[in-house]
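The values are calculated or read from the model by the stated rules, or taken from the named source; none is laboratory data. Please read all numbers here as calculations on a predicted model, not as lab measurements. Counting neighbours? That spans all protein chains shown, and the Cβs are built from the backbone with ideal geometry, glycine included. Remember, those area values only see protein heavy atoms, side chains included, never the ligands or the DNA or RNA. Shrake-Rupley method; radii C 1.70, N 1.55, O 1.52, S 1.80 Å.
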Amino acid sequence: MKFLLIVFNIFIIISCSKSPEIVNTEPEIINTEPEEVLEPENPVYQKDSTLIIDSVFPQLVDLGDTLNLKGKNFNRDIRLTLGQVQLKNLFNNDSIIQFEIPYWGFDPDSLIIDIDNRDTIVAFNNAFQLYEPVIDSIPSNYGLRDTVVVYGKHLTNYPEAVNGIIELNNDRISVLDHSKDSIRFILPYNVNKHENDLVIRAQLREIVRPKSIVIPDPVISGVSNDSLLIGESLTIYGSNFFEYRDYLHEVYIGENRAEIEEVYSDSIIAKVPLGLYRDRNINNVTVKVVEKEVTKDFGLYLKNTWYQYGRIDNLGLSGIGDRGHTSNWSFYYNNAFYSLQDRDGGLCYGDFKKLGFSKYNLDENSWETLPDIQIACDSGRFSGFHTYSLNDGNVYIYLSRETDNFYEYDLESGALTPLQDFQNVDVVKEPMGFVLNNTFYFGMGRTGGTSTNPNRKLWKFEESTNSWGYVSEMPFVEGQGTGDHSSYFIKDGKAYIGNGWQLYDMWEFTPEETWIRKTDLVNPVGGTAFVKVENSGYYHERHGLGHTGGTFHQYDINLDTYSMREDLTITGYLLESKSMFVHNGFVYFIGYTGSPFLPDFSSIKRYDHVVLRTEISNFID
């Protein structure tokens with residue numbers, strides 16, 4: 001059995017051995033048919049990673065809108081930059097990116113998106129465009145503190161912004177709210193123009209609309225009273241006024257600006273101002289609101305006894321300092337008022353003193369300065385000077401000194417002629433002088449230094465002989481004061497002389513050069529401004545401030561009686577150094593303004609001279 005197994009194995013080995021190679025001697029046959037090529041079921045390409053930019057849509061946008069960038073091979077961490085701002089990617093895959101347009105940080109005229117795909121950077125020029133902002137309408141006639149609404153399209157700004165959107169007359173204004181189609185803001189009180197320039201910023205651009213915000217015109221419908229007194233309140237009724245904002249308004253009564261007391265939406269209360277009126281018929285009232293003014297004639301009438309007819313500024317009379325004023329011996333002649341002024345400020349510089357007349361032409365209501373007058377003097381203080389009109393174009397000038405003290409001046413030619421000195425034991429100061437029956441009389445006043453001694457003597461000057469003569473002395477009355485007589489009235493060739501500090505006696509000086517005592521004054525006045533109107537003499541305190549500046553007194557020459565004329569009281573003006581005269585049916589009153597309390601916009605300033613006048617009929621009983 002064992003033997004059989006060994007034989008079987010040997011047989012198997014032999015049968016599996018390689019047979020010897022058989023060489024084929026026949027020729028090789030070559031197949032020329034092409035081999036069939038079979039496509040694979042799942043072909044594999046090599047991937048192309050080139051960045052491809054296709055387009056941005058939409059092409060026209062507002063700030064804050066979302067845009068889509070279309071292309072290929074966008075990386076997940078791709079970055080987009082516009083100007084200086086990295087854009088906010090809202091979504092992206094390899095073919096589209098959604099991003100948001102920022103509200104600032106780029107130039108609207110250079111819309112270039114820099115695309116950083118991490119391995120490639122591409123600049124996409126003119127990628128999109130911003131809508132141009134458009135204003136459709138701005139309703140006009142807004143009042144201050146009203147809400148203004150500007151309507152339009154594409155008025156886009158950062159949603160939370162309130163500043164930098166609106167400018168009015170180059171001033172920035174905060175907005176209440178804004179959207180793409182409207183902007184709202186409050187018109188501020190500091191607007192000072194009727195038509196205002198508006199600038200709107202939207203879409204990173206500016207829209208300029210000149211004179212587009214218009215303040216409504218003021219309207220005047222009536223006044224509380226058409227008969228006015230200076231200093232009283234006048235209510236002006238109307239509309240389009242701005243309550244409690246008086247600084248936005250101006251009110252004029254006639255041509256004079258008034259002080260505003262209160263302002264309401266439908267009325268303005270103003271004070272009738274001091275100032276030039278030149279006539280009682282004022283007629284007009286004017287209201288001005290932020291440049292726009294309206295005038296209406298209500299037939300306004302000034303019922304004050306006195307009203308201002310003219311003025312001259314505070315340097316106009318003397319030309320020096322701020323307190324040049326009419327001298328005590330100013331006078332009226334030939335339709336004009338003359339006052340001799342000190343043009344050197346009270347001192348004598350060198351060998352000559354410079355004086356000069358100021359002339360007020362009443363019919364033209366104008367002042368003029370006449371040429372300088374040179375009078376010899378000693379260095380230092382200059383003596384007081386006094387002028388006396390001869391009513392023929394010539395004026396006597398007296399200086400309160402011992403020598404070289406009397407001159408004649410020709411108003412027409414300007415010639416100054418020395419005359420015979422006036423001589424007295426004591427120098428006479430502040431004397432009066434007047435012409436009576438073609439004779440010039442001179443005297444009264446006072447003598448002495450710091451203490452005053454009344455001078456009661458009277459002299460006369462004869463020009464034909466260039467000589468002085470003593471006349472007589474006013475009788476002395478016991479119990480009189482120490483002042484100097486300061487006023488006189490000429491009637492029927494007689495002079496009525498009186499007044500002075502505590503001097504009660506009144507005297508009639510006759511052509512026979514005699515003295516007749518008249519009824520004593522009740523209220524004598526020291527320095528006086530005085531004038532004669534028909535049969536009465538009127539006098540007023542020349543110095544001393546106060547709204548009335550003293551009271552007018554009347555002396556009835558025919559009846560030899562006195563009365564207080566409170567109806568002639570001057571109200572509203574604080575005047576000093578006053579003068580009075582009559583011209584063409586009016587009584588004129590001139591003085592300088594002593595009050596420092598005048599409105600800033602007043603037509604008169606402190607130390608200005610004002611010319612008041614009233615009808616002569618107000619003086620006649």
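Here are some notes:
- Hydrodynamic radius of the range 52-130 per Kirkwood, over alpha carbon pairs, in Å: 12.3
- Segment Val471-Glu293, length gained on full extension (0.36 nm per residue, minus Cα span): 57.4 nm
- Rounded to 0.05, the FRET efficiency of the Ala123 and Phe601 pair, given R0 = 56 Å and the Cβ-Cβ distance, is 0.30.
- Taking Cα centre as origin and charging only the Cβ of basic (Lys, Arg, +1) and acidic (Asp, Glu, -1) residues, the dipole magnitude of the range 95-220 rounds to 380 debye.
- If R0 is taken as 60 Å, the Cβ-Cβ distance between Asn365 and Asp65 corresponds to a FRET efficiency of 0.25.
- Dipole of the range 145-300 [Lys/Arg +1, Asp/Glu -1 at C-beta], most positive-end residue of Asn240, Leu228, Tyr252: Asn240
- Subset of Lys354/Lys457; Lys296/Lys578; Lys460/Lys532 violating a 32 Å alpha-carbon distance limit: Lys296/Lys578
- Ordering 469-479, 212-222, 408-418 by mean Cβ neighbour count within 10 Å, with the highest value first, yields 212-222, 408-418, 469-479.
- The largest accessible area among Thr66, Thr593 belongs to the first residue in Thr66, Thr593, and the rest follow in falling order (1.4 Å probe, all chains).
- Angle between the chain longest axis and helix 2-15 axis [Cα atoms, degrees, rounded to 10]: 60
- Translational diffusion of the chain, µm² s⁻¹ [Kirkwood Rh, Cα pairs; Stokes-Einstein; 4 °C; 1.567 mPa s]: 38
- A Förster distance of 45 Å, applied to the separation of the beta-carbon atoms of Glu615 and Asp410, puts the FRET efficiency at 0.85.
- Using C-alpha pairs under 8 Å with a sequence gap of at least 6, the mean separation divided by the residue count of the chain gives a relative contact order of 7 percent.
- Alpha-carbon Rg/Rh ratio, for the range 325-563, with Rh computed the Kirkwood way: 0.95
- Solvent-accessible ranking of Tyr252, Tyr504, largest area first, probe 1.4 Å: Tyr504, Tyr252
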